[in-house]
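Structure record follows, encoded as C-alpha cells.
Read-outs: derived from the displayed coordinates by stated rules, not from any lab. All of these numbers come straight from a predicted model, not from anything done at the bench. Ideal geometry is used to build each Cβ from the backbone, glycine not excepted, and the neighbour counts take in all protein chains shown.
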Amino acid sequence: MNHLGTLILKTDRLTLRPFSVEDAPAMYKNWANDPKVTRFLTWRPHESAEATRNLLAGWVSQYDQPHTYNWCIVPEGMQEPVGNISVVHMMDDTESAEIGYCLGSSYWNRGIMSEAFAAVIEFLFDRVGVNRICARHSVANPASGMVMQKCGLQKEGLCRQSFRSSDGQLHDMALYALLREDFIRDSNESAAV
C-alpha cells in the first residue's frame with residue numbers, strides 16, 4: 001500500500017481536511033457534546049470544549065504518520081467542521097481499512113456523510129491501494145447502515161452483542177464491506193451508462 005496520510009479531499013459540496021486544535025470549539029458545538037451523535041459510539045459527549053481540544057491535540061500529533069487518516073468534514077460555504085470520518089483500523093497485511101464516522105445531528109439527512117464516505121472510498125482504493133473497506137454500525141442505528149449501502153458496501157453479516165455503546169448497552173453490529181474489484185466494476189458500469 002502507498003500510505004499518504006490525511007490529504008485534503010474535495011467533493012462538490014465538501015472539503016475533507018486534517019483537523020487543527022483550533023477546530024475544538026466548532027467540534028464541541030457541532031457534534032462532540034451531542035448525546036444524539038454519541039448514542040451509538042464508544043465515547044460519551046464531551047463535557048467541555050477543553051476536553052475536545054485535548055482530544056484534537058492528540059489527533060493532530062498523529063498527522064506526521066503517513067498511515068493516519070482522520071478528516072474533518074467542512075461543507076461548502078462554512079468555515080467550520082460539522083463531523084469527521086477516519087480510518088479507525090488499518091490492516092496492512094490484508095490491505096484493508098475500517099472506516100468510522102460521525103456527523104452533527106443538525107446536519108443529518110442531507111447526504112453529507114454519504115458524500116464524504118464516497119470521497120474517502122475513492123481515495124483509499126485509487127491512491128492508497130487498499131483492497132477492502134469495511135464499516136460497522138449498531139443495528140439500532142439503521143441510518144448509518146444506509147450510508148454504507150449508498151456508498152456501495154454490501155452487508156456481510158451480524159456480530160451479535162459485539163459492541164458496548166457509551167451508555168453501557170450491548171449492541172448487535174452489522175458489518176458491511178466493499179472490495180476494490182467491486183468498486184472498479186461498479187465505476188466502469190457507471191461510466192458506460
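Per-structure values
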item: Max mean-square fluctuation residue, GNM over the chain, Cα-Cα springs under 10 Å, options Ala174, Ala140, Ala97; result: Ala140
item: Relative contact order (percent, whole number), the chain, Cα cutoff 8 Å, 6+ residue spacing; result: 21 percent
item: DSSP-assigned coil residues among chymotrypsin sites (Phe, Trp or Tyr not before Pro) in region 31-65, each with at most 13 further Cβ atoms within 10 Å; result: Trp43
item: Neighbour cut-off at most 15 other Cβ (10 Å), DSSP loop, chymotrypsin sites (Phe, Trp or Tyr not before Pro), region 75-126; result: Trp108
item: Mean Kyte hydropathy of -1.0 or more with a Cα span along the axis of at least 15 Å, helices from DSSP in the chain; result: 49-61, 112-123
item: Peptide ranges 15-27, 177-189 listed from the most packed, as the mean C-beta count within 10 angstrom indicates; result: 15-27, 177-189
item: Low-density loop cleavage sites - GluC sites (Glu not before Pro) in region 63-134, where at most 11 other Cβ are within 10 Å (DSSP); result: Glu76
item: Per-residue [θ]222 nm for the chain (sum of -39500 (n - 2.57) over DSSP H runs n ≥ 4, rounded to 500); result: -8000 deg cm²/dmol
item: Relative contact order [Cα under 8 Å, 6+ residues apart], region 131-193, whole percent; result: 39 percent
